[in-house]
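Read-outs: derived from the displayed coordinates by stated rules, not from any lab. Here the structure is a predicted model, which means the values were calculated and not measured. Backbone-built Cβ (ideal geometry, glycine too); neighbour counts: all protein chains shown.
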Amino acid sequence: MNRSLVIALSLALSLLVSCAGKDIPPQSVNSGPVTVGFGVSGTATRTQINDDGISTSWMQDDRVSLWARNEAQEFTLNGQIFNIYYREAGNAGAYFTATLPQAMPEGRYTYYATYPQPESLDGTRATFTIHDVQDGRVGGGADIMIATPAEAAQLGPLEDDPDLSLTMRHMLHVLRFYIPEGCNTLGEPVERIVFTMPQQVTGKAAADITAPDGGMTLAEGGNTVTLQLDKPVDASTAGAFDYACAAIFPSAEYGADDVMQVSLYSASYAAEVDDILLAGRTFAAGHVTPVPLRPKLKEFQNRIRFTITSNNLGEDIQTITLTAPEGVNWSETGSNVLSFDAANLNGGGYYDLDFDTYVSVALYEALANQPVTVQFESENAIVSSDITMPDTKTGENSTVPLTVPYLYYEDFAATTASTNYNDNNQTSTTSTGTDTAVDLASEYQWPQGWTGARCGLSAVQAVRICCRSEKAVGFPGTYNGRIDSPTMSALKAGKSVKIRISFNYSFNREGSKNSSYQHYLAFGYHNTAGPINASSGIGSWFSDPLLGYTIDANLASDLTGPLTGQFNNIDLAAEYIVNACNASTRFAWEAYINATSPDGYYNNWVYIDNIRVQIVK
């Protein structure tokens, strides 16, 4: 390999923007909302790398953040998001728009902009993440750009000619990997590239949005980048130029002994590349360095591919952690715990765990049929499930489908309790005690966290709530039944989210048939710990309760509808949205009657099953 062939190429692409000929509806300038825009021109664009491997283009879903500081040094716009409105033919330019609540005051402003939107801002110092897993096209906001500050008048309605035109500057360096013609010894396209640098190249990068010339600083840095290629790379030829790009933090000059280490992975094989000498190299911001890769002898690799087949949580997963039994180790960590970035899996991608040395073949086979706990961490929650690994001793590559659990799910299939709990009377024989709640987990082997009054459970089937009205001597009155769920402890501390809760239910009854009445199921939520009596009223209740079928003494059938509910027949469905759910939130179901029995008694039952809770984005 000619290691001197590391050439820095400028990422130059003119963005000459004009509004001429665009069909933009006229707007009136008033005190109400106004849609404004600006163009981008100069020496750079968003860094979705084009097929030539050098130039870049804005994409249809791009967004930039814009700041506007007036002559009094006050920010009129403070990180306002602008969406791409149109791209010039051939990606020669772009125009961005946003709808402001009201027109900007007239005057002169200094404008600042970034791509992508900063993760945080301290004054004018913005923080971004340079990810250690990228797609090979520097897409999805992998690159970071900051505009050269520009002075212009206030932004006007779209029909006005734009007075503001910004020049964006690349703050990162791009490595462009390719395999020279005739050098792909793997015999099939490369799907993954892993490289390690002597200096830190990923992590939390920070820069002053008002001074892009000041460069960036890096914290929480890492040295290794994985390219999970959206487009696999084969050897380049005169007719096809294949490449994969990575955005990295700009480097200081490398020393005499510094090298880049690269490993390549295809569908069936793995190979390493001779160490690439970096002595005297400096990878500057805004430049591209071509890096030819000539893999050495290939070796067969065993592979476990993890995919997400469904996500019941309701929001994207950020990190997945796999915990195998003690002594059963993963090839990448040398321990029984493995964590990896789940970004690619959310979009239908995958994460490959390769066992590509003679030593790791034993590790691969040791995973055969082992129980593994999978923890899924998202922005707001941490949930987990258990899986069994495939039989890796067969020597074949394995795919492990992962299902992200609900925030909370209960179908009572794992319960061992039975209906010997008298849900008509609970634990008391006095009228004052019949709606007193207990800890159902400790008293009656329900799942942990459940409390309730006048309720029962049938093993591996469902639960039942009883409301009762009677006129027996010594026991007159109407008694409600209630159950309360565990807390939503899978939510992270301090997080408050919108959730959707759904469940199945049905009604039934027994007792006297000599009067007309209705019975109901109310649903609500609260943050109260411990057992809650059915008569307490605790909770925020939805205003429209679910109606049990009307009982009418004047009808020969005694019913206006079928009461078919049983532990094994629960066929109705309900769904609610709770706008502010946190880790201490519990859900409540209460059964009640609207009348007192004139003689005899009524027992009215509500059956509940298949409770599902998920985050709503």
- For ALA459 and SER310 in one chain, what is 0.36 nm times their gap in residues minus the Cα-Cα distance, to one decimal in nm? 50.8 nm
- Please compute the net charge surrounding ASN582, taking Lys and Arg as +1 and Asp and Glu as -1 over other residues with Cβ under 12 Å from its Cβ. +4
- Along Cα→Cβ, 7 Å out, is where each label goes; now give me the distance between the ones at ALA580 and LYS231 in nm to one decimal. 4.9
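Can you give the extra length, in nm with one decimal, that the chain gains between THR333 and GLU188 once fully stretched, where that is 0.36 nm per residue apart less the Cα-Cα distance? All intermediate terms of the calculation are to be shown ahead of the outcome.
Details: separation 145, 0.36 × 145 = 52.20 nm, distance 2.73 nm.
Full extension of this stretch gives 49.5 nm more.
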- Note on the structure: Net charge (Lys, Arg +1; Asp, Glu -1) of residues whose beta-carbon lies under 14 Å from that of ALA368, ALA368 excluded, is -2
- Message: Taking θ = phi - 60°, what integer Hz values does the Karplus form 6.51 cos²θ - 1.76 cosθ + 1.60 yield along segment 344-352, in sequence order, with x for Gly and Pro?
- Response: 5, 5, 4, x, x, x, 7, 10, 9
- Around VAL34, with a cut-off of 14 angstrom between Cβ atoms, what is the net charge of the other residues, counting Lys and Arg +1 and Asp and Glu -1? -3
- SER543-SER496 FRET efficiency (beta carbon distance; Förster radius 25 Å; 0.05 resolution): 0.65
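Holding the Cα-Cα limit at 30 Å, pick out from LYS393/LYS492; LYS204/LYS296; LYS393/LYS617; LYS298/LYS393; LYS204/LYS617 the pairs that are longer than that. Don't jump to the answer; show the numbers that get you there.
On the way: LYS393/LYS492 39 Å; LYS204/LYS296 34 Å; LYS393/LYS617 42 Å; LYS298/LYS393 22 Å; LYS204/LYS617 26 Å.
Too far apart for the 30 Å limit: LYS393/LYS492; LYS204/LYS296; LYS393/LYS617.
Given 0.36 nm per residue, what is the gain on full extension from ALA153 to ALA252 after removing their alpha carbon distance, in nm? Provide the component values of the computation, followed by the final result.
Working: separation 99, 0.36 × 99 = 35.64 nm, distance 3.91 nm.
Result: 31.7 nm gained on full extension.
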- Query: Taking other Cβ within 10 Å of each residue's Cβ, how do THR129, THR333 sort, fewest first?
  - Reply: THR333, THR129
- Taking the mean number of other Cβ atoms within 10 Å as a proxy for protection, how do you rank 498-508, 456-466 from highest to lowest? 456-466, 498-508
